[in-house]
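Read through the structure below, which is laid out as structure tokens, and then see the notes.
The values are calculated or read from the model by the stated rules, or taken from the named source; none is laboratory data. Quantities reported herein were computed from a predicted structural model and do not represent experimental measurements. In this analysis, Cβ positions are derived from the backbone assuming ideal geometry, glycine residues included, and neighbour counts consider all displayed protein chains.
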Amino acid sequence: MDRAIDEVAGTLTRLGYRSGLDDPMIRTTVCELLLRNRSPRLQDLTDDALARLRADAGFAAWAGGRLYAVHRALAALGVATPPAIPAYGQSMPVEGVPAAWLDVVDRWFATATQTPEVRREYPVELVRALAITWLFAAQRSDEIVRLRVGCVRWQPDAADPAAPPVCLLDVPVHKTGTAFTKPVDPLVG
């Protein structure tokens with residue numbers, strides 16, 4: 001069983017799940033699936049077997065997003081087809097957002113490595129702010145999560161008052177360096 005667990009956890013890590021190797025609930029979910037399927041082999045967790053296991057409402061409710069994650073890993077390993085993205089009703093209408101941006105968000109929603117429950121927790125404004133900061137401020141994801149509200153400020157050009165102000169980003173202290181300020185694309189502000 002350890003080999004099967006390690007294979008699923010390693011695959012989840014390669015798919016971008018942060019907790020693949022460290023999450024004891026992923027290990028428990030894989031064990032439950034194998035035990036309920038009465039086989040220690042991942043190859044026996046076919047589409048039919050997964051459908052039968054998902055039909056157990058108690059198990060599916062207990063496993064939740066972890067069952068979806070393990071199913072994705074099994075699909076990546078070629079054991080099963082990818083799981084269907086759960087649909088919980090109709091999507092909400094969005095107003096005041098360019099169609100091109102909605103296309104990007106829809107593409108992210110369809111291909112992101114997070115479970116659907118986690119994806120639904122992110123408001124569009126937050127996703128947009130993160131994407132713009134990542135693209136135009138040249139910050140890594142671990143640096144972006146440390147940014148504080150109000151970290152963007154505008155500084156007028158002292159030499160040329162008619163010139164547009166410069167957008168500055170205040171980056172906080174991190175484990176290998178001090179706090180600093182850097183000019184960034186005006187889109188960030």
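Just give me the residues in the stretch 9-56 being basic (Lys, Arg) and either farther than 19 Å from ALA112 by Cα or touching a His at 6+ places or on another chain (Cβ under 7 Å) (or both), in sequence order.
Quick first cut of the stretch 9-56, residues basic (Lys, Arg) only: 14, 18, 27, 36, 38, 41, 52, 54.
ARG27, ARG36, ARG38, ARG41, ARG52, ARG54 - these are the residues of the stretch 9-56 that are basic (Lys, Arg) and either farther than 19 Å from ALA112 by Cα or touching a His at 6+ places or on another chain (Cβ under 7 Å) (or both).
Rundown of residues vs (1) aromatic (Phe, Trp, Tyr); (2) loosely packed, with under 14 Cβ neighbours inside 10 Å; (3) at pLDDT 85 or above; (4) on the phi < 0 side of the Ramachandran plot, yes/no style:
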{"site": "LEU21", "(1), (2), (3), (4)": "no, no, no, yes"}
{"site": "PRO24", "(1), (2), (3), (4)": "no, yes, no, yes"}
{"site": "LEU34", "(1), (2), (3), (4)": "no, no, yes, yes"}
{"site": "ARG41", "(1), (2), (3), (4)": "no, yes, yes, yes"}
{"site": "LEU50", "(1), (2), (3), (4)": "no, no, yes, yes"}
{"site": "LEU53", "(1), (2), (3), (4)": "no, no, yes, yes"}
{"site": "GLY58", "(1), (2), (3), (4)": "no, yes, no, yes"}
{"site": "ALA63", "(1), (2), (3), (4)": "no, no, no, yes"}
* **Entirely in the stretch 82-184, the helices (runs of 4 or more DSSP H) that have 1 or more residues that are modelled with pLDDT of 75 or more** => 99-111, 124-136, 141-144
